[in-house]
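Just so it is clear, none of the values below were taken in a lab; they were calculated from the coordinates. None of these values were measured; they are calculated from a predicted model. Using ideal geometry, Cβ is built from the backbone for each residue, glycine included, and neighbour counts are taken over all protein chains shown.
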Amino acid sequence: MSQINPQWQQEIAKRRTFAIISHPDAGKTTMTEKLLYFGGAIREAGVVKGRKNSKHATSDWMEIEKKRGISVTSSAMDFEYKGHHINILDTPGHQDFSEDTYRTLTAADAAVMIIDVAKGVEAQTIKLFKVCRMRGIPIFTFINKLDRHGKDPFELLEEIERVLGIRTYPMNWPIGMGSSFSGVFDRVKSRVELYQNDSDHEDIRFFEVSGADDPIIGERVGQDLWQQLQDEISLLDVAGDQFDRGLIDKGELSPVFFGSAINNFGVQTFLDNFLQLAPPPSPKKSNVGLIEPGEHPFSGFIFKIQANMNPAHRDRIAFMRICSGRFERGMSVKHVRLGKDIKLAQPVQFMAQDREIIEESFAGDVIGLFDPGIFQIGDTLCVGQSFEYEEMPHFSPEFFSKVMVKDAMKHKQFQKGILQLTEEGTVQLFRTYPMEELILGVVGVLQFEVLEYRLKAEYGVDIVLTRMPFQIARWLEGDKAALDAIKSKTVTDRYGRPVMLFESEYQLRVATEKYANIKFHESSLGL
Ligand code: G4P
């Protein structure tokens with residue numbers, strides 16, 4: 001591979017690209033906002049929030065969004081902080097949870113998991129965590145809302161380890177909680193950061209200590225809390241995991257931080273540590289081997305396609321993660337799947353509600369490309385030698401519906417619309433055998449409504465959706481004879497790969513036992 005300009009390499013090394021994963025209401029929006037605030041990217045609180053409440057949303061391009069007051073879109077935000085260029089990828093979480101949410105994680109080099117101290121590990125966190133785990137990216141944990149009473153910190157760590165199967169290393173430890181919350185003991189810097197009610201914690205107030213047993217802590221936070229802190233830290237030192245950078249890099253040990261995002265408390269400490277520990281853009285697998293971000297000219301892949309940002313046009317925006325080298329506006333790149341060169345004239349970057357045309361970007365960044373219908377999820381764009389990044393995985397949908405066209409005369413438009421819209425990737429299409437009936441699968445149930453709306457609005461087609469009782473899809477792998485033997489029980493995905501649908505975990509378990517010669521995969525990755 002050719003060497004690229006050392007200045008570009010420096011730019012790439014500065015990049016940190018991550019996604020925040022959490023269950024709704026744990027504090028993802030608040031945390032994002034505070035991070036952007038520290039980065040100077042926003043000057044006032046409520047900017048990101050506004051997006052969520054759809055007050056001034058860029059993305060209120062669709063009636064359905066306005067009606068529901070939610071955003072069906074996700075994008076990326078970037079800012080500079082202490083010599084780093086940080087990209088936060090937004091993972092839609094409420095009703096707009098969809099396969100896009102999962103796919104966004106394929107564009108991240110690290111994940112930050114936000115957990116509500118009172119609620120612990122919740123359903124959506126588990127799903128998103130699994131995808132991060134599959135990719136082996138580092139996962140950082142921020143336990144939020146310490147200003148409220150919640151679960152015992154040890155109980156929370158035990159829950160994370162038991163439910164998610166990842167070890168933890170608390171970087172700091174809370175002193176009190178709820179009304180007695182007094183701050184955190186920083187195990188790395190050996191200092192106490194003080195929490196104060198009604199403070200915006202713009203500057204961290206702290207004092208250095210010789211250790212958790214330093215009597216000055218007792219003087220500042222009270223003897224009872226000090227005693228409790230000493231007991232807990234000695235228990236952690238003896239029974240807890242050791243700090244191990246190698247395990248953090250592999251996503252097997254999660255550094256844990258405690259704080260209160262709404263009060264700005266612990267956010268900056270988190271960010272500073274995160275920048276020390278999170279990786280720069282990582283190499284990515286392709287059909288010609290690993291592509292190193294700093295040693296290869298421009299390349300990237302499309303991980304998300306968003307339709308009709310402007311309802312007056314059919315334009316779509318394709319989001320591309322740049323994986324290597326430098327990107328420049330107007331540059332001519334190879335569209336590998338189509339086997340032709342295209343010019344990327346108006347790349348955009350998204351900042352809270354604004355879009356701006358960008359002139360240059362580097363590996364690690366995410367940009368939006370105007371898409372006249374030439375991009376598909378997973379497409380590779382590159383310059384120089386042609387290659388393709390590994391296929392974008394599909395993940396198991398959780399809701400399924402049979403779909404038919406109401407008016408048989410419109411069958412052609414229906415076929416075209418379904419194919420084009422499922423290409424965008426938020427709805428998966430399966431075909432039954434041998435009847436070739438169409439089944440749609442989605443991760444978030446809202447996607448059915450979105451599809452129904454768009455088929456009507458963009459293709460003039462009314463559809464009939466009949467919900468099916470399935471909840472799980474598994475991609476099958478096995479030899480041809482074994483797969484043929486159960487063909488009548490399977491459906492195929494859009495690439496003709498065999499898939500089996502199940503109504504419950506129990507059914508799935510029965511099938512895996514019955515068909516021991518077949519592998520049941522949770523996603524299509526690597527198939
Ligand atoms: P999400 O994006 O993960 O869904 O969560 P979001 O940030 O919107 O936060 C959910 C709720 O939790 C919000 O309250 C928010 O203010 C609150 N919150 C976030 N961080 C903290 C924290 O550190 N401590 C406490 N006590 N609350 C926190 P809301 O009432 O739903 O919204 P709002 O009226 O505050 O906008």
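Worth pointing out:
- Two-site FRET efficiency, Q413 against Q376, from Cβ-Cβ distance with R₀ of 25 Å, rounded to 0.05: 0.75
- If R0 is 41 Å, the Cβ-Cβ spacing of Y453 and K119 corresponds to a FRET efficiency of close to 0.80.
- D484 paired with E158, simple spin-label distance in nm, labels 7 Å along Cα-to-beta-carbon: 5.4 nm
- Added length on full extension, which subtracts the Cα-Cα distance from 0.36 nm per residue, M435 to D244: 63.3 nm
- The amide H of R15, built 1.01 Å from its N in the peptide plane, has H85 as neighbours under 5 Å, considering only residues 5 or more places off or on other chains.
- Local charge for S180 was computed over the other residues whose Cβ lies under 13 Å away, with Lys and Arg +1 and Asp and Glu -1, and equals -1.
- Full extension of the chain between Q346 and R467 yields a length gain of 39.5 nm, computed as 0.36 nm times the residue separation minus the alpha carbon distance.
- Angle in degrees between helix 446-459 and the longest Cα principal axis of the chain, rounded to the nearest 10: 40 degrees
- Structural descriptor for the chain: relative contact order 14 percent, calculated from alpha carbon pairs under 8 angstrom and at least 6 residues apart.
- Spatially, region 444-518 and region 230-295 are offset by 36 Å when compared through their Cα centroids.
- Beyond 19 Å in Cα-Cα separation lie the following of the pairs K402/K519; K480/K514; K480/K519; K130/K480; K28/K304: K402/K519; K130/K480; K28/K304.
- Q228-Q196 pseudo-label distance in nm [points 7 Å out on the Cα-to-Cβ vector]: 2.2 nm
- Backbone HN-Hα couplings from phi across region 474-480 [Karplus 6.51/-1.76/1.60, Hz, Gly and Pro as x]: 10, 7, 9, 9, x, 6, 4
- The phi torsions of region 439-445, fed into the Karplus equation with coefficients 6.51, -1.76 and 1.60 and a -60° offset, translate into couplings of 10, 9, x, 9, 8, x, 5 Hz, rounded to whole numbers, with Gly and Pro shown as x.
- A118 long-range amide H proximity, modeled H, under 5 Å: K151
- Between amide H atoms placed 1.01 Å from N, distances below 5 Å from M468 occur with F400, S401, K402, all of them 5 or more places distant or on a separate chain.
- Loop-exposed chymotrypsin sites (Phe, Trp or Tyr not before Pro) per DSSP, neighbour cap 16 Cβ within 10 angstrom, longest uninterrupted part of the chain: 1-242
- Residue-averaged [θ]222 nm for the chain, counting only DSSP H segments that reach four residues, each worth -39500 (n - 2.57): -8000 deg cm²/dmol
- Over the chain: Kirkwood hydrodynamic radius from C-alpha pairwise inverse distances, Å: 24.6 Å
- Principal-axis analysis of the Cα atoms of the chain puts helix 267-277 at an angle of about 70° to the longest axis.
- Proximal charge balance of E292 [Cβ under 13 Å; K/R count +1, D/E count -1]: +1
- Rounded to the nearest 20, the Cβ-based charge dipole of the chain about its Cα centre (Lys and Arg +1, Asp and Glu -1) stands at 2000 debye.
- The phi-based Karplus calculation (6.51 cos²θ - 1.76 cosθ + 1.60; θ = phi - 60°) puts the 3J(HN,Hα) values of region 123-130 at 3, 5, 4, 4, 4, 5, 4, 4 Hz, whole numbers, x for Gly and Pro.
- Tilt relative to the chain, helix 411-423 - C-alpha long axis, 0 to 90 degrees, to 10: 30 degrees
- Residue among Q227, T30, F319 farthest towards the positive dipole end of the chain, charges placed on Cβ: F319
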